[in-house]
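So the structure is just underneath, and the comments pick up after that.
The values are calculated or read from the model by the stated rules, or taken from the named source; none is laboratory data. This structure is a prediction, so every number in the text was calculated from the model and none was measured. Cβ placement follows ideal geometry from the backbone for every residue including glycine, while neighbour counts extend to all protein chains displayed.
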Amino acid sequence: MKILTLIQVMIASLIFFPARDYTQLPSAYRLAYEEVRCQAADGTQLYGWFMPAAESRATIYFLHGNAGNISDRLYKTEGWVKRGYSVFLLDYRSYGQSKGSITSENDIYQDAEAGLAWLRNEKKTALSDLIIYGESIGSAPALYLAVKRNFKALILESPFTSLADVAKIHYPFVPSFLLRQFQFNNLERLRQIHTPVIILHGIQDGICPYRMGETLFREAPQPKELVSVPEGRHNDLYELLGADFFDKPIRFMVQSAGSSS
């Protein structure tokens, strides 16, 4: 059992690169914020920031990628809040001020569920007013939540089809059976959702190749949209798209809401 646990920790260290220290606070962007503390089903204490927008149009639940922590996503948050969207940033366990460690994909799902429960219980946020944002590996918990519920929209930035597909590219030496605890099968989950989905993907993405975004888009139910960024890599879509980084998803959400009414 100890050997198995050690292997799981080693595999997790190849996937997740958490940072404890926050490089900045929302106040650096003149954003009002509320510190959030919630608890996962297994008792792990989690931490995040809720940033309300004046006369909020909807709430974005932002599930971040595998490196850094929530402070590294504030530059994206600012654009959403200025456009009238409240944003909730949650750190998974082992990131920032969240406690615990990650030993399986279920840990990430528990954390995502805890954040959603906080929004539902404390902010009384209706599912129809909630946008789930999955950045890179955050696309996995985003899709996990969307399989069970219908949200206003799902935004996936630089997503992947499954962790096994990504591992074949970056860690071909890792036997597939060692990834049992970290499958993150996004493609299978995407086929089960009933939420409008927009995918933003760089054609030059060397981490989660663009073809993965194309595959996810092809298998996604309508309404859906794929925003392809010709020069885009994995982490620079915000810089390359500029205002369209926010405005294209907003237009998609307006159109998809109109088509369903």
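Couple of notes before you dig in:
- Conditions (1) outside any helix (DSSP H, G or I); (2) over 26 Å from P249 (Cα atoms); number of the one not met by E55: (2)
- Helices (runs of 4 or more DSSP H) contained entirely in region 149-242, each with at least 2 residues that are among the β-branched types (V, I, T): 163-170
- Note on region 58-91: residues that are in a strand (DSSP E or B), out of contact with any Pro (no Cβ under 6 Å at 6 or more places or on another chain) and not polar (S, T, N, Q) amount to 12.
- Among the conditions (1) of a type in the set (A, V, I, L, M, F, W, C); (2) within 22 Å of F16 (Cα to Cα); (3) touching a Leu at 6+ places or on another chain (Cβ under 7 Å), the only one that A146 does not satisfy is (2).
- Taking the criterion of being of a type in the set (A, V, I, L, M), out of contact with any His (no Cβ under 9 Å at 6 or more places or on another chain) and at pLDDT 95 or above, the residues of region 51-92 that qualify are M51, A53, A58, I60, L63, A67, L74, V81, V87.
- I250 vs. criteria in a loop (DSSP other than H, G, I, E, B) and surrounded by 16 or more Cβ atoms within 10 Å (Cβ to Cβ): no
- Sub-6 Å Cβ pairs linking a first residue in region 33-47 that is in contact (Cβ under 8 Å) with a residue 12 or more places away in the chain to a second residue that is surrounded by 12 or more Cβ atoms within 10 Å (Cβ to Cβ) and of a type in the set (D, E, K, R), at least 6 apart or interchain, are A40/D111; T44/R93; T44/K99; Q45/K99; L46/D111; Y47/D91, ordered by first then second residue.
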